[in-house]
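What follows is a single structure, written as structure tokens, with notes after it.
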Amino acid sequence: MTDFFTFVRDHADKLLEQTLTHIGLTFLSLLVALLIGVPLGILIARRQRLAGGVLGVAGVLQTVPSVALLGFLIPVLGIGIGPALVALFLYALLPIIRNTYVGITEVSPSVKEAARGLGMTPNQVLTRVEFPLALPVIFAGIRTATVINVGVATLAAYVAAGGLGEFIFSGIALSNVNMMLAGAIPAALLAVGFDFGLARLQQLSGRKLRVGALAFVALVPFISAFYLLPGRQDKLIAGFAHEFYGRTDGYPGLQKTYGLQLRPRLIDQNLMYEAIHRGQVDIISGYSTDGRINAFDLLVLDDNRHAFPPYAAAPVIRKATLNRYPDLEPTLNKLAGKLTDSVMTALNYRVDYQKESPEKVARDFLNQTGLYKKPSSVNRTETVVVGTKVFTEQYILAELYRQLIEGQTNLRVVTKTGLGGTQICFDALRTGTIDFYPEYTGTGLLVIMQPPAETLQQLPMQTDSVYQFVQQQFQARYQMDWLKPLGFNNSYCLMMRREQARQLGIRSIEDLVRYLDPK
Amino acid sequence: MIELRDLTKQFAGHTAVDGVSLHVGQGETLVLLGTSGCGKTTTLKMINRLIEPTSGSIRVDGIDVRQQPGPEFRRRIGYVIQDGGLFPHYTVAEAIATVPKLLGWEADVIQARTRELMAKLQLPETVLSRYPGELSGGQRQRIGLARALAARPPVVLMDEPFGALDPFTRRHVRRELFGLNELRETTVVLVTHDVSEALELADRIALMDKGRIIQIGSPDELLNQPATDFVREFLDDKPHRLHD
């Protein structure tokens, strides 16, 4: 519990900014929903034929799950406040239209007739009689919409629109309970607080309610302006994945090593590339061999101070397998150093964006490097099993290994390409379910071994030193060997659009820091 | 003052009012009497154009009612409905000021007129700030009438104005209200199904059935020279109530 308060105290600035953004988003969407929903409710109360259709459409929109709704909106509106605002607006619409409609149609017919009988015009009947009498019901709708929106606004953090969802989703990505609660508790308090406050307002009678409700509605535009309060006038806008933002080897590491100061927007990591491509952000976090680097013409900023631990890829193999098949080690090592960052990125690009099969991409590569041999038609009795995690790069590597081994040796290769994560892969290797799989040195160090902090501090974060460290440790602890590195590093990195980086003369993270804060 | 000529109203194939012609003189009180569904309320609402007739004409003060916009025309015709038809969100003072405000009267004129009406209706001024929900049924009915009379209309239309009151209060309130000089000088058309009310208040009664006027005349004429058996039966049905 004290951890929680420490976290909140340490992140008070960020928390305040998120809360203001959250409230701003909620009320901005509420304002738009009021401006459109109330007139629409009045219209369908006047023309009952339209009521079924309008309420039906609003009702269907209401039942679309919020994540799915964002999914529909992102291709159209990109990321940022646009899709968040539209989604929130759509959710707020139904309670407001429906309650306006119900409130007005439920005004007693004798009262409406009396109003006409006294000589009021249709507009006067609406503004002086129907609307004031419907106001308590309309206000109940506004209250419902507000509470729904406080909840749904947490999802804005998926699309870089900010709000308390930033802490919630970062907390989930990092399994950091305190961070999660630092977002969840204020979000819950906001919902309960608004509900309570508006309920109190709703209980006022007659004129007081009308004055109170009008005052509230008049306040909405001002509260909406909270969204603009946290300044967003940075020279360059950064959009980081939630996990990157919180992991010590991610953004905090950059801050420590380079003194980099950004106010990053947090965004789902799969939307990040799309966002930088569309120019909605200028800097993103990512992985250095992602095919989208080519697809979107991005530049990976040079990390010459090694803030990011190296994630050099190399096959991790059981000692027992090496001993049984002496051919295997020299065969696998033929790939050593052949796959540089740019080569691997290009291969990933061909599979992810040009929709070629990993099998074909692997064969083309082996052909080009002269490593391809047509498998001889011997009777293959001995089998090795290659495992992979579930992403493109690993599928390509598994194909490379399969074709390489079957071309050069008499072994049969079976690929197991569905091992969910690092831990699952590693366990399969340890139990002998698989014989080897491609792993990254950084992952071996930080996820599998998880050495104490002092050990990590003493270890230089260089490709070679980390490789040697995990190699020794794996041999000693697990009877496993790291064969020679393939050549590429699939590590965290910062990227910019190549064109913009060129214009600003930025090549490395150091350049970026200098550009942001020229002394 | 009011002249209906051959007035007919059809709703989706059903004839609610069928060729009604009648005349109401200045200061006269005409009661439209009949069972529910006989067309009396429809006839009344056609007079102030809450319902537009299918055919026929209506003249008020010699002018065809269709020559002017409905809302403006209705501001000069008082209108009272069951239970007053008061707006729940208007105080008594606001209710009485409704039509004068629509007509653009000055605030002090409205205030003076409100005081005058409150005095005539023998209501304490403390009532002015109350909402309809805080009033008794009899008070609501008085306020409903005060609202209708506020702008001194030459004609007042009443649709079952005492329908929501219990029989005792009803007699009491209507005697009191119809004793007012203001109302006596005004031309009144009143709709009711209550025979004793009709006999007590009417200068003339128009007895309606199935959209037509069966007989029109003074209460004595209808009692003593009923035109048809229907008229006799309708009036005879409740004679004991007349004299209790």
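Points worth noting:
- A DSSP coil position with no more than 11 other Cβ atoms inside 10 Å describes none of the trypsin sites (Lys or Arg not before Pro) in the range A:252-354.
- For residue B:51, the residues whose modelled amide H falls within less than 5 Å of its own, excluding neighbours fewer than 5 places apart on the same chain, are B:46.
- Listed peptides B:175-182, B:115-122 appear in the order B:115-122, B:175-182 once ranked by packing, highest mean of other Cβ atoms within 10 Å at the front.
- Calculated accessible area for the range A:75-157 comes out at 31 Å² per residue, all protein chains present (probe 1.4 Å; ligands, DNA, RNA ignored).
- Using θ = phi - 60° and Karplus 6.51 cos²θ - 1.76 cosθ + 1.60, couplings along the range A:98-103 (whole Hz; Gly, Pro as x): 4, 6, 5, 4, 4, x
- Relative counts (whole %) of C-alpha pair distances in the range A:188-288, using bins that are 5 Å wide: 2, 10, 14, 14, 12, 9, 9, 9, 8, 7, 4, 1, 0
- Here the Debye sum runs over all C-alpha atoms of the range A:347-416 as equal scatterers in vacuum, and log10 of I(q)/I(0) at q = 0.25 Å⁻¹ comes out as -1.10.
- Per-residue ³J(HN,Hα) for the range A:11-21, Karplus 6.51 cos²θ - 1.76 cosθ + 1.60, θ = phi - 60°, Hz, x for Gly and Pro: 10, 4, 4, 4, 5, 5, 4, 5, 5, 4, 4
- This model, with +1 at the C-beta of Lys and Arg and -1 at the C-beta of Asp and Glu, gives the range A:2-228 a dipole about its Cα centre of some 1020 debye.
- 10 Å Cβ neighbours from other chains, averaged over peptide B:79-91: 5
- Three-way shape label, chain B, alpha-carbon gyration tensor, a/c 1.5: oblate
- Of the residues A:301, A:485, A:383, the one whose Cα sits farthest toward the positive end of the charge dipole of the protein assembly as shown, with +1 on the Cβ of Lys and Arg and -1 on the Cβ of Asp and Glu, is A:485.
- Expressed per residue, the C-alpha convex hull volume of chain A stands at 191 Å³.
- Across the range A:313-490, counting alpha-carbon atoms alone, Rg and Dmax equal 16.0, 54 Å.
- Interface area, A with B, accessible, probe 1.4 Å, both sides summed, Å² nearest 100: 1800
- Placed amide H near residue A:416: partners under 5 Å, 5+ positions off or other chain: A:386, A:387, A:388
- Dipole magnitude of the range B:34-168, debye to nearest 20 (Cβ charges: Lys/Arg +1, Asp/Glu -1, about Cα centre): 240
- Using C-alpha pairs under 8 Å with a sequence gap of at least 6, the mean separation divided by the residue count of the range A:313-490 gives a relative contact order of 38 percent.
- Accessible surface comparison of A:217, A:413, probe 1.4 Å, protein chains only, largest first: the order is A:217, A:413.
- Cα Rg over Rh - the range A:409-519, Kirkwood: 1.10
- Cα-based shape type of the range B:2-133, given that a ≥ b ≥ c are square roots of the gyration tensor eigenvalues and the cut on a/c is 1.5: prolate
- Of all DSSP beta bridges in chain A, antiparallel share, percent nearest 5: 60
- For chain A, the relative contact order is 16 percent, taking Cα pairs closer than 8 Å that sit 6 or more residues apart in sequence and dividing their mean separation by the residue count.
- Exercise: per-residue mean of other protein chain Cβ atoms within 10 Å, A:106-116: 5
- The protein assembly as shown, helix-only ellipticity at 222 nm - DSSP H runs n ≥ 4, -39,500 (n - 2.57), divided by all residues, nearest 500: -16000 deg cm²/dmol
- The spread of Cα positions in the range A:2-228, taken along each principal axis and listed from longest to shortest, comes to 68, 39, 25 Å.
- Placing unit charges on the Cβ atoms of the charged side chains and taking the dipole of chain B about its Cα centre, the candidate lying farthest along the positive direction among B:16, B:98, B:169 is B:98.
- Figure note: B:90, A:440, A:372 ranked by solvent-accessible area, largest first, 1.4 Å probe, ligands and nucleic acids not counted: A:372, B:90, A:440.
- Restraint check, A:319/A:484; B:40/B:120; A:112/B:40; A:355/A:484, Cα-Cα greater than 23 Å: B:40/B:120; A:355/A:484
- Oblate is the label for the range A:163-232. Its Cα gyration tensor axes, ordered a ≥ b ≥ c, give a/c of at least 1.5 and b/c at or above a/b.
- Size descriptor, Kirkwood hydrodynamic radius, that averages inverse alpha-carbon separations across the range B:128-244, Å: 15.6
- Mean Cα-pair separation over length for chain B, i.e. relative contact order, pairs under 8 Å, 6 or more apart, %: 28
- Chain B: most fluctuating residue of B:19, B:62, B:37 per GNM, C-alpha cutoff 10 Å: B:62
- Counting only protein chain heavy atoms and rolling a 1.4 Å probe, the accessible areas of A:341, A:464, A:302 rank, largest first, as A:464, A:302, A:341.
- Under-5 Å amide H pairs with residue A:488, H placed in peptide plane, nonlocal only: A:313, A:339
- Of the peptides A:450-459, B:149-158, A:152-161, the ranking by mean beta-carbon count within 10 Å, highest at the top, reads A:152-161, B:149-158, A:450-459.
- Each residue of the range B:104-121 is assigned a 3J(HN,Hα), and the resulting list reads x, 5, 6, 4, 5, 5, 4, 5, 5, 5, 4, 4, 4, 5, 4, 5, 5, 8 Hz, derived from the Karplus form 6.51 cos²θ - 1.76 cosθ + 1.60 (θ = phi - 60°), x at Gly and Pro.
- Remark: mean inter-chain Cβ contacts per residue of B:101-112 equal 1, using a 10 Å Cβ-Cβ cutoff to other protein chain atoms.
- Once the mean of 1/r is taken over each pair of separate Cα atoms and inverted, the range B:11-87 shows a Kirkwood hydrodynamic radius of 14.0 Å.
- Relative protection proxy for A:140-150, A:76-86, from highest mean packing down: A:140-150, A:76-86 (other beta-carbon atoms within 10 angstrom).
- Residue A:395 accessible area, 1.4 Å probe, all protein chains in place, Å² to nearest 10: 80
- Base-10 log of normalised Debye intensity for the range B:178-239 (one unit scatterer per alpha-carbon) at q = 0.17, 0.23, 0.29 Å⁻¹: -0.58, -0.97, -1.40
- Solvent-accessible area of the protein assembly as shown (1.4 angstrom probe, protein heavy atoms only): carbon and sulfur portion equals 53 percent.
- Rounded to the nearest 20 debye, the dipole magnitude of the protein assembly as shown is 880 debye, with +1 charges on Lys and Arg beta carbons, -1 on Asp and Glu beta carbons, and the Cα centre as origin.
- The accessible-area loss of the range A:119-160 on complex formation, taken against its chain alone with a 1.4 Å probe, reaches 50 Å² or more at A:119, A:120, A:128, A:133.
- When the range A:2-228 is described by a simple charge dipole with +1 on each Lys and Arg Cβ and -1 on each Asp and Glu Cβ, the residue from A:119, A:86, A:57 located farthest towards its positive end is A:119.
The values are calculated or read from the model by the stated rules, or taken from the named source; none is laboratory data. In this text the structure is predicted, and so the values were computed from the model without any measurement. Reconstructed Cβ throughout: ideal geometry from the backbone, glycine too, with neighbour counts over all protein chains shown. These area figures cover heavy atoms from the full protein model, side chains too; ligands, DNA and RNA do not enter into them. Shrake-Rupley method; radii C 1.70, N 1.55, O 1.52, S 1.80 Å.
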